Amino acid sequence: MALGVFLGSLFGALALGVPIAFSLLLSGIALMILLGMFDSQIIAQNLINGANNFALMAIPFFILAGELMNAGGISKRVVSFAMSLVGHIRGGLGYVAILASVLFAGLSGSAVADTAALGAILIPMMLSKGYDKAKSTGLIASAGIIAPVIPPSIPMIIFGVVSGVSITRLFMGGIVPGIMMALGLVIVWTLISRRDKTELPPRKSLKEVWQLTKQTSWALLLPIIIIGGIRGGIFTPTEASVVAVFYAIFVGFFVYRELKIADLYEVLVTSAKTTSVVMFVAAAAMVSAWLITVAQVPADMAAMLGPLIEKPMLLMLVITVLILAIGLVMDLTPAILIFTPVLIPVIKLAGIDPVYFGIVMVINLCIGLITPPVGTVLYVGCGISKISIAELAKGIWPFLLVHVIVLFLLILFPSLVMVPLEWLM
C-alpha cells in the first residue's frame, strides 16, 4: 500500500509537470498522510539533514572545477592531445571523441558537462569534415556518459551518501567498467567508419605530439592526483574536489593563462545554479527516504522480490530491467536518490556487494541519459548539432546497444568489477 501511494503520487506529480524536487516532497507528504503523522517540522528537519552532509560538499566543488577547466582552456588541450594521437586514422575524429571523453571523465564527473564541453569543440569539427551529423552527435553523447562512471563521479558520490557505501571503493570500482564502455564504442565506431570517405588530417610528427603532450600534461595530471590521493588515503573524495578546484584555478591562471578574473563571475554563477538544483533534489529526496523507511517500503519490496533472494544473478537481472525502464522517464540523480534506499536492503539480503550494485546502477541510469524521451544528454547533443531528437535517436542506437551489452556483461560476470576493485584497493 505504502509503495503504491509513494510511486503513484510521485509519478502523478511528474506527469502533471511538477519539478522533481517538489514531486518528491509531495510524495513524502502523501506517505505522511497515509501514516497519519503529518508534521511540517519533520519535512523541514529532513530537508536540512538532506543537504547537511560532508560527502555531498564534493558535488559543488567538482561542478566548479569542471567549469573552471572549460574556461581555463583545459578541455581544449585535452581534445588537441587526443587529436595528435588518433586524429589521422580512418574515422579519426570519432576516436578523438572517445579518447577525449575518457580523459575528460577524469576531470569533470558529469555526463552533461563532458558532452557539452567536448561536443562544442568536436561536433562542428566533425561536420566540417563531412561526418554524418546524427552518428557524430550520437557518438559524442554516448561517450559523454562515461564521465559519471570513471572517477571522480558525482552520481557515485550521491549513491555513496544515500546507501552508506564507501565512495572511495565506488570510485575505484568504476575505472574498469568505464574503460569497457569506451572500448565498446571503439569497436562500434570502427565498424561504422571503415567505409568512411571523410577528409583525413595529416599525421602529427613526433615533435608535434611531444609538444602537445607537454602542453596537456598539466590537464592529464589532475586525474592522477585525484585518484592517487584518494587511493593513497591522502584526502577524502570531498577534499579531492577542493584540490581539483585549486588545481584548475592554478592551471587556468598561471600555466595556460586563459582564465581571467572577469571570467570568474560567470563560472561561479553557472556552478551555483547547477549545484542548487542538485542539492535541492538531494534535500527533498531525504524527506522521501526517511518516510520510505518509516513506512517499511524496503520490507514490502523485499517481500515482493522474496522468491529471487536466493538467486542473486536473476535478482540483478530483474532489478536491471526495472532500472532501465525507470531511466527512460527519470533523470539520473533523482532516480538514485529515490530508489537506492528502497533497493539496498534487498541487495544486502541477497548477499550482493553494495559497491558492485552501485556501479551497475549508475551505469544503468547513465544509459537512460541517452534514451528518449527524458535523456538529458540527448538534448545537450541536439542543442549543439541543431538536430531533432528523432534524428539523433537514429544515429545513437548502435552506441546505445553496446552500452547495454557492457551492462549485462557486468551482471553476468561480476568479477569484471570486483577483481579489479580488490586489486586497486
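Each value in this text was obtained by applying a stated rule to the coordinates, not by laboratory testing. Everything quoted here is computed from the prediction, not taken from an experiment. Cβ coordinates were reconstructed from backbone atoms using ideal geometry, including for glycine residues, and neighbour counts include every protein chain displayed.
Loop-located chymotrypsin sites (Phe, Trp or Tyr not before Pro) in segment 8-112 (DSSP state not H, G, I, E or B) with no more than 13 neighbouring Cβ atoms inside 10 Å: 38, 54. Between residue 272 and residue 294, the simple label model (points 7 Å from Cα in the Cβ direction) yields a spacing of 3.4 nm.
Mean projection of the Cα convex hull over all viewing directions, computed for the chain: 20.6 nm².
Extension gain for residue 246-residue 89 works out to 52.8 nm (0.36 nm per residue, less the C-alpha to C-alpha distance). Expressed as an acute angle from 0 to 90° and rounded to the nearest 10, what is the orientation of the C-alpha long axis of helix 175-193 relative to the principal long axis of the chain? Roughly 50 degrees between the two axes. Summing +1 for each Lys or Arg and -1 for each Asp or Glu among the other residues whose beta-carbon sits under 12 angstrom from that of residue 138 gives +1. Take every Cα pair under 8 Å whose residues are at least 6 apart in sequence, average their separation, divide by the length of segment 2-424, and the relative contact order is 26 percent.
Helix 40-51 sits at what angle to the longest principal axis of the chain, using alpha carbons and giving 0 to 90 degrees rounded to 10? Once rounded, the angle reads 30 degrees. The fewest-to-most ranking of 347, 225, 336, 187 by surrounding Cβ atoms within 10 Å reads 187, 225, 347, 336.
Quick one: which of 76/133; 135/348; 129/394; 76/135; 311/394 span more than 32 angstrom between C-alpha atoms? Checking Cα-Cα distances, 135/348; 311/394 exceed 32 Å. Which FRET efficiency, nearest 0.05, do residue 318 and residue 258 yield, Cβ-Cβ r, R0 45 Å? So the FRET efficiency works out to roughly 0.35.
As a rough footprinting exposure proxy, the listed residues 189, 423, 218 were ranked by other beta carbons within 10 Å of their own, and the order from fewest upward is 423, 218, 189. For residue 260, which aspartates and glutamates qualify as cross-link partners when the Cα separation must be under 19 Å and same-chain residues fewer than eight apart are set aside? Candidates past the 8-residue exclusion: 67.
Distance from the C-alpha centroid of segment 353-425 to that of segment 148-210: 11 Å, rounded to the whole angstrom.
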